[in-house]
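Accompanying notes for the structure given below.
The values are calculated or read from the model by the stated rules, or taken from the named source; none is laboratory data. Remember, predicted model here, so these are calculated numbers, not experimental data. Virtual Cβ from ideal backbone geometry, glycine too; neighbours counted across all protein chains shown. Ligands, DNA and RNA are excluded from the accessible area calculation, which covers all protein heavy atoms including side chains. Shrake-Rupley method; radii C 1.70, N 1.55, O 1.52, S 1.80 Å.
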Amino acid sequence: MDFSERDEELRTSLIALAEKPGGRRELHAMLEACDPEAAARLHENDVRRVSRAIEAFRLTGRTQAQRLASQGEGPYDARIFALNWPREALYRRIDRRVDEMLDRGMVDEVRALMADPLSHPTAVQAIGYKEIAAALEGRVSMADAISLVKQLSRNYAKKQMTWFRRDARVQWIEAEGRAAEEISREIQ
């Protein structure tokens, strides 16, 4: 994928528009006018992606679908592998990973990001940040926040699986009950 088209001034102006009353709706209407397919896929509250799609269209004159179609295979002989887990096993692993993140200081990390959110604009959009921040602010219980982080993480994993299943280049490897070393040998 080519992410080289950038216009910081345009991007800044689009994001500024979104911050005005009714601006998100107006920004989304701009996207609908130039790339209806992307507008149908993106919610008006997804300001970052909506503004990025408008920016890319204005710089290239092509929709996202047109740009993706023209990129072809690319200059590298790349192979794509994905691990296939039964859903229940995947969800258990996700829940365990969230618990590990909490044990390793996720709450303190969110607390530190809350002190200066503008210095880490991407981090504050990550799954887990808003939920733990809401608990730290007393808007929800920490138990409810953690439960929501796990649910949102599972939802995101499902979206990723759907994305990769549409790509015919992906080679799926059954992962359950197999050691990482065994899977690594299969890839090599």
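Backbone phi angles across the range 154-167, fed through the Karplus curve with coefficients 6.51, -1.76 and 1.60 (θ = phi - 60°), yield HN-Hα couplings of 5, 4, 5, 4, 5, 4, 4, 4, 4, 4, 5, 5, 7, 9 Hz in residue order; Gly and Pro are listed as x. Between 112, 141, 78, the Cα set farthest toward the positive side of the dipole of the range 75-188 (charges on each charged residue's Cβ, about the Cα centre) is that of 78. Annotation: residue 142 carries an accessible surface of approximately 60 Å², with a 1.4 Å probe and no ligand, DNA or RNA atoms counted.
Computed on the chain, with alpha-carbon pairs under 8 angstrom and 6+ residues apart, the relative contact order is 20 percent. Positive end of the dipole of the range 25-67 (Cβ unit charges, origin at the Cα centre): among 50, 66, 34, the Cα lying farthest that way belongs to 66. Couplings 3J(HN,Hα) of the range 84-98, computed from phi: 9, 10, x, 3, 4, 5, 4, 5, 5, 5, 5, 4, 5, 5, 4 Hz, in residue order, whole Hz [Karplus 6.51 cos²θ - 1.76 cosθ + 1.60, θ = phi - 60°; x for Gly and Pro]. Surface analysis of the range 9-130 yields an accessible area of 67 Å² per residue, using protein heavy atoms and a 1.4 Å probe.
For the range 108-166, what does the alpha-carbon gyration tensor say about shape, rounded, prolate or oblate, given a ≥ b ≥ c as the root eigenvalues, a/c under 1.5 as rounded, and a/b over b/c as prolate? It is oblate, given that a/c is not under 1.5 and a/b is not larger than b/c. Given a 1.4 Å probe and the protein chains as shown, residue 37 ends up with an accessible area of around 120 Å².
In the chain, the calculated helix contribution to ellipticity at 222 nm averages -19500 deg cm²/dmol per residue, counting -39,500 (n - 2.57) for every DSSP H run with n ≥ 4.
Each residue of the chain gets 167 Å³ once the volume of the Cα convex hull is shared out per residue. Amide H to amide H, with H built 1.01 Å from N, residue 81 comes under 5 Å of 171, counting only residues 5 or more places away or on other chains. Once backbone amide H atoms are built at 1.01 Å from N, residue 140 has 135 as its partners under 5 Å, excluding neighbours fewer than 5 places away on the same chain. Whole-Hz Karplus values for the range 17-34 come out as 4, 5, 7, 7, x, x, x, 5, 5, 5, 4, 5, 5, 4, 5, 4, 5, 9 Hz, taken residue by residue from phi with 6.51 cos²θ - 1.76 cosθ + 1.60 and θ = phi - 60°; glycine and proline positions read x.
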